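Comments concern the structure below.
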Amino acid sequence: MAAVAPTNQRLKTSLRYLLLVLVGAVFIFPIIFMVVSSLKPDGQLLRDTASIRAFLPVGDISLDNYFAAFKRAPVGLFVFNSLLVTGITVIGSLFLCSMAAFAFAFLEFKGKEIVLSLIIATLIIPFETIAVPMLMVVNSLPSIGPDGLTWGWLNSYQVQIVPFLADALTIFLFVQYFRDLPKELIEAARLDGARWFQVYSLVIVPISGPVFATAAILKFLAMYNQYLWPLMVTQSEQFRPVMVGLQYFFQLNTAWGEVMAYLSLITLPVLAFYLFLQRAFIASIASTGIKG
Amino acid sequence: MAGLSLSNLKKTYGKVEVIKDVDLEIGHGEFVVFVGPSGCGKSTLLRMIAGLEDITGGELRIGDKIVNQVQPRDRGVAMVFQSYALYPHMTVYDNVGFGLRLNKTPKDVRDRKIREAAQILQMEHLLDRKPAQLSGGQRQRVAIGRAIVRQPEVFLFDEPLSNLDAALRMDMRMEISKLHQELGATMIYVTHDQVEAMTLADKIVVLNAGVVQQVGSPLELYNRPANLFVAGFIGSPKMNMVEVSVETAGANAIDISGPAIGRLSLATEASGIVLGDKMTLGIRPHDFQQVPEGPFKGTVTLVEHLGNETMVSLKLANGEAMIAALDGDTTCAIGETVSLDFNRDKVHLFDSGGQRRG
Ligand SMILES: Nc1ncnc2c1ncn2[C@@H]1O[C@H](COP(=O)(O)OP(=O)(O)OP(=O)(O)O)[C@@H](O)[C@H]1O
Ligand SMILES: [Mg+2]
């Protein structure tokens with residue numbers, strides 16, 4: 001048996017790696033295709049799709065598509081808008097949702113279970129069904145700006161941020177994680193003299209790195225990929241995010257090279273954010289010794 | 001100074017009454033141990049004192065203040081948990097100093113107190129470690145350090161040693177006892193380990209099903225258990241119980257008889273015992289001697305030599321089981337018949353309601 005096991009084991013390991021490589025390829029090839037294509041003129045791009053050349057930076061390679069993309073649309077503004085809206089929403093929702101979840105997990109109050117199940121029930125409502133009622137709501141909210149008190153939030157940043165500051169999925173993630181934490185930690189902190197907010201900020205938050213990272217990634221992706229809502233509420237270019245900006249490249253005849261250049265550009269922040277969080281995630285697990 | 005006074009304390013979960021009308025006085029500086037079978041409400045009572053469970057009814061005073069509605073942090077209590085409950089992201093130093101940091105103790109004072117506590121508990125070399133890098137015993141020290149550093153009036157311990165191995169448990173038990181003498185604070189300690197209870201306590205509170213069965217010093221409980229429950233719970237091995245009925249009841253002596261023992265005469269001052277009463281006679285295993293001809297005769301079913309004594313299990317003629325702690329050099333074999341007598345001054349008599357009568 002001892003003689004058979006190693007080869008058998010090695011075969012199994014090799015197969016496993018092969019499978020992982022294949023799966024990895026399925027995910028990585030579209031990205032390679034996107035980046036490679038962004039460097040080619042339209043004619044060659046379309047011709048190359050028929051062969052392996054689609055994934056190779058060969059032929060007439062240049063950054064022309066990027067210059068063209070910047071000329072056609074205010075790419076910088078769109079990326080800025082998206083990052084601003086996404087950043088504020090992610091930070092805000094991590095804070096609000098984790099506090100809400102803290103209350104659901106650790107405080108005792110009447111109707112707690114009912115309220116929590118109502119919140120979780122909203123998970124099954126698709127956004128499309130509530131988009132129009134929500135539009136009507138935000139359209140009649142007051143705002144104070146340079147022109148004094150005005151009505152309606154259309155064409156603004158807050159209309160893209162506030163409705164998404166709290167969501168059922170994020171609350172649910174935090175509640176699940178918090179419920180698994182040892183209750184005695186909270187009790188020890190309370191006896192040590194901590195107020196509820198101190199229990200939250202000094203004891204619970206520092207040991208909840210993994211769930212914060214997970215929630216941040218999910219929220220970031222959801223917000224960065226927003227399309228329908230910003231399309232509905234931002235008529236002026238000034239507040240539009242990246243996904244709505246994609247429209248600029250599909251007018252009259254589609255410039256595929258520019259589309260690819262634009263997509264490559266707007267994918268960069270996602271990758272950067274992901275890598276950053278992955279590090280934070282691992283660091284937090286290593287430092288607390290609590291496994292997620 | 002902080003003694004505690006519990007009057008009519010009640011706790012219900014929904015319809016289930018977990019703590020029923022507990023009355024208890026705890027003097028300042030006393031070491032009180034709650035014992036009782038699993039699920040009897042020891043932890044619940046302790047947590048009510050800590051403020052971690054709401055009090056359903058009655059009154060709890062710490063010092064001379066009613067604290068029913070007072071937040072845990074304002075009760076002047078510190079608690080050591082069975083699971084230690086150390087903050088995993090903080091070093092030992094920060095764990096111990098957390099309470100001081102919260103009450104805004106100046107940094108230099110805080111540092112001094114943390115180091116003092118570390119010195120008392122001999123864990124100065126551990127201050128920079130995280131809890132994950134400590135052994136069970138070291139974690140328990142940190143948990144105790146965290147409690148003493150705030151100089152609370154009352155310490156609460158909920159089975160603090162039950163996750164430790166036997167040797168460490170004994171060490172820590174002695175340290176806690178020493179700590180109690182040094183600090184002079186009131187300590188309430190929950191355990192279901194009899195040895196811990198007997199060795200640590202000034203006063204033991206025996207609980208069963210949320211009701212206080214008896215309060216007293218370890219020896220009081222051992223020598224004069226108030227009822228059958230306490231008699232059976234305190235002492236190891238368990239007290240032997242024999243059903244008897246009263247044959248004659250005199251002024252200071254009664255005659256009893258039962259299937260296990262035949263007829264016996266006992267001196268007792270108990271009044272109100274009348275002819276025909278059903279009673280329970282309790283005899284501790286250590287109050288037996290082997291004799292050529294005694295009231296108890298039985299077949300040996302098990303012999304355990306412990307060196308200093310020998311535990312002999314018997315089966316009496318009527319089928320009842322008994323256990324006797326005999327001399328260390330007792331030689332008897334399984335299946336042999338032995339005859340036992342007992343120390344007549346140390347018997348326990350309980351009436352049919354289970355209450356002590358003499
Ligand atoms: N949150 C709760 N809801 C309902 N019942 C509870 C709750 N907490 C405890 N109980 C019940 O209260 C009773 C007392 O529990 P408690 O934890 O005080 O027992 P204990 O004496 O500490 O037992 P152990 O020695 O096993 O720790 C138990 O019967 C338990 O089932
Ligand atoms: Mg308990």
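The values are calculated or read from the model by the stated rules, or taken from the named source; none is laboratory data. The shown structure was predicted, so the numbers you read here are calculated from the model rather than taken from an experiment. A quick note on method: Cβ atoms are made from the backbone with ideal geometry, for glycine too, and the neighbour counts reach across all protein chains shown. Note: accessible area is taken over every heavy atom of the protein model, side chains too, but ligands, DNA and RNA are not part of it. Shrake-Rupley method; radii C 1.70, N 1.55, O 1.52, S 1.80 Å.
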Go through (1) within 16 Å of ligand 2 (Cβ to nearest atom); (2) on the phi < 0 side of the Ramachandran plot; (3) away from every other protein chain (no Cβ under 14 Å) one by one and return the number of the condition B:Gly39 breaks. (2)
Going by the conditions given, is B:Asn103 within 14 Å of chain A (Cβ to nearest Cβ), farther than 23 Å from B:Leu24 by Cα, open to solvent by 40 Å² or more (accessible area, probe 1.4 Å) and under 22 Å from the mean Cα position of the chain (by Cα)? no
Test B:Val205 against the criterion of being modelled with pLDDT of 95 or more, away from ligand 1 (no atom under 16 Å from the Cβ) and either under 22 Å from B:Ser43 (Cα atoms) or assigned to a helix (DSSP H, G or I) (or both), and give yes or no. no
Among the listed residues A:Gln198, A:Gln158, which satisfies the condition of being among the polar types (S, T, N, Q) and more than 13 Å from chain B (Cβ to nearest Cβ)? A:Gln158
I'd like to verify a number: residues in segment A:89-124 that are surrounded by fewer than 12 Cβ atoms within 10 Å (Cβ to Cβ), part of a helix (DSSP H, G or I) and small (Gly, Ala, Ser), how many? 2
Please state which one of B:Arg129, B:Arg115, B:Arg139 is crowded, with 18+ Cβ neighbours inside 10 Å and either not aromatic (Phe, Trp, Tyr) or not in a loop (DSSP other than H, G, I, E, B) (or both). B:Arg139
Here is a check on your reading of the model: is B:Lys104 without any contact (Cβ under 8 Å) to a residue 60 or more places away in the chain, assigned to a helix (DSSP H, G or I) and either within 16 Å of ligand 1 (Cβ to nearest atom) or in the same structural domain as B:Leu179 (by TED's automatic domain parsing) (or both)? no
For segment A:186-201, give me the residue count where each residue is buried (at least 20 other Cβ atoms within 10 Å of the Cβ) and not small (Gly, Ala, Ser). 7
Restricting to segment A:50-88, count the residues that are in a helix (DSSP H, G or I) and either in contact with an Asp or Glu (Cβ under 7 Å, 6 or more places away or on another chain) or not aromatic (Phe, Trp, Tyr) (or both). 21
Of residues in segment A:129-180 being exposed (fewer than 12 other Cβ atoms within 10 Å of the Cβ) and of a type in the set (Asp, Glu), the one nearest to the chain's Cα centre (by Cα): A:Asp180
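Residues checked against (1) within 31 Å of the chain's Cα centre (by Cα); (2) modelled with pLDDT under 90; (3) surrounded by 14 or more Cβ atoms within 10 Å (Cβ to Cβ); (4) charged (D, E, K, R):
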| residue | (1), (2), (3), (4) |
| --- | --- |
| B:Arg263 | no, yes, no, yes |
| B:Leu266 | yes, yes, yes, no |
| B:Glu304 | yes, no, no, yes |
| B:Glu309 | yes, no, yes, yes |
| B:Met322 | yes, no, yes, no |
| B:Asp345 | yes, yes, no, yes |
When every residue in segment B:1-25 that is surrounded by fewer than 17 Cβ atoms within 10 Å (Cβ to Cβ) and among the polar types (S, T, N, Q) is compared, the one nearest to ligand 2 (Cβ to nearest atom) is B:Thr12
Examine segment B:268-277 for a residue that is under 33 Å from the mean Cα position of the chain (by Cα) and farther than 17 Å from B:Arg356 by Cα, and state whether such a residue exists. no
Inside segment B:26-55, the number of residues satisfying the requirement of being closer than 18 Å to B:Val190 by Cβ, more than 9 Å from ligand 1 (Cβ to nearest atom) and open to solvent by 10 Å² or more (accessible area, probe 1.4 Å) is 4
Return the residues of segment A:205-231 that are open to solvent by 40 Å² or more (accessible area, probe 1.4 Å) and either touching a Ser or Thr at 6+ places or on another chain (Cβ under 6 Å) or away from chain B (no Cβ under 14 Å) (or both); say none if nothing qualifies. A:Thr214, A:Leu218, A:Leu221, A:Ala222, A:Asn225, A:Tyr227, A:Leu228, A:Leu231
